[in-house]
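Derivation of every value follows stated rules applied to the coordinates shown; laboratory data play no part. What you are looking at is a predicted structure, and each value in this text was computed from that prediction instead of being measured. Note that each Cβ is placed from the backbone with ideal geometry, even for glycine, and that neighbours are counted across all protein chains shown.
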């Protein structure tokens with residue numbers, strides 16, 4: 001089974017990076033359709049923080065179309081009560097968004113691409129109803145820092161794969 005996925009770049013997101021992400025997700029069993037870029041919602045910016053509200057970007061992603069969609073933005077995101085987030089998703093649901101901004105910090109191209117893939121798969125796991133995993137190597141492990149992201153893998157542990165069942169690409 002493959003999982004159909006639309007990738008929605010927000011304005012300012014590099015087209016080459018979107019192509020790399022689509023290719024990497026395809027290697028994981030996702031069938032990706034790249035949508036035309038869309039504007040970052042003006043009301044998402046919190047001028048005092050200099051960051052963007054993740055839930056506003058998630059809302060804009062959700063409005064993009066009816067299938068499963070992953071928004072990709074290159075601005076710094078936060079959620080209420082948190083200093084920053086790498087991404088946010090409906091859980092379960094059909095929409096998720098990731099930010100590339102912090103994933104670039106201290107990373108060469110290979111490390112950046114690995115981080116981007118891990119965060120994309122993590123947020124897509126939430127859309128499938130998966131919660132955070134206690135196994136540090138599982139892609140569903142909560143990343144509180146880039147070190148957490150770098151330590152974890154890009155795959156679901158056996159328990160998370162079992163929980164998601166046939167909804168995961170390559171399952172069933």
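Assuming a ≥ b ≥ c are the square roots of the Cα gyration tensor eigenvalues, decide whether region 15-64 counts as rounded (a/c under 1.5), prolate (otherwise, with a/b larger than b/c) or oblate.
Since a/c reaches 1.5 and a/b is larger than b/c, the shape of region 15-64 is classed as prolate.
If one computes the Cα centroid of region 130-154 and of region 1-69, what distance in Å separates the two points?
Taking the Cα centre of each part, region 130-154 and region 1-69 sit 21 Å apart.
Determine the calculated [θ] at 222 nm for the chain from helices alone, applying -39500 (n - 2.57) to every DSSP H run no shorter than 4 residues and normalising by the residue count; nearest 500 deg cm²/dmol.
-9500 deg cm²/dmol
Full extension from residue 20 to residue 108: what is 0.36 nm times the residue separation minus their Cα-Cα distance, to one decimal in nm?
30.2 nm
For 119, 27, which order do you get if you count the other beta carbons within 10 Å of each Cβ and list the fewest first?
Lowest count first: 27, 119.
Taking the convex hull of the alpha carbon atoms in the chain, what volume per residue do you get, in Å³?
Output value, Cα hull per residue: 104 Å³.
Calculate how many DSSP beta bridges within region 3-167 are antiparallel, expressed in % of all such bridges and rounded to the nearest 5.
Among the beta bridges of region 3-167, antiparallel pairing accounts for roughly 25 percent.
Using the 10 angstrom Cβ neighbour count as an exposure proxy, how do 145, 91 rank, fewest first?
Fewest-to-most Cβ neighbours within 10 Å comes out as 145, 91.
How many nm is it between the label spots at residue 45 and residue 27, if each spot is 7 Å from the Cα in line with the beta carbon?
Between residue 45 and residue 27, the simple spin-label model gives 3.6 nm.
From the gyration tensor of the Cα coordinates in region 80-140, what semi-axes in whole Å does the equivalent ellipsoid have, largest first, with each one equal to sqrt(5λ)?
That gives 20, 14, 11 Å for the three semi-axes.
Based on the mean of other Cβ atoms within 10 Å per residue, sort peptides 69-82, 43-56 so the most packed one is first.
Ranking, from highest mean packing down: 69-82, 43-56.
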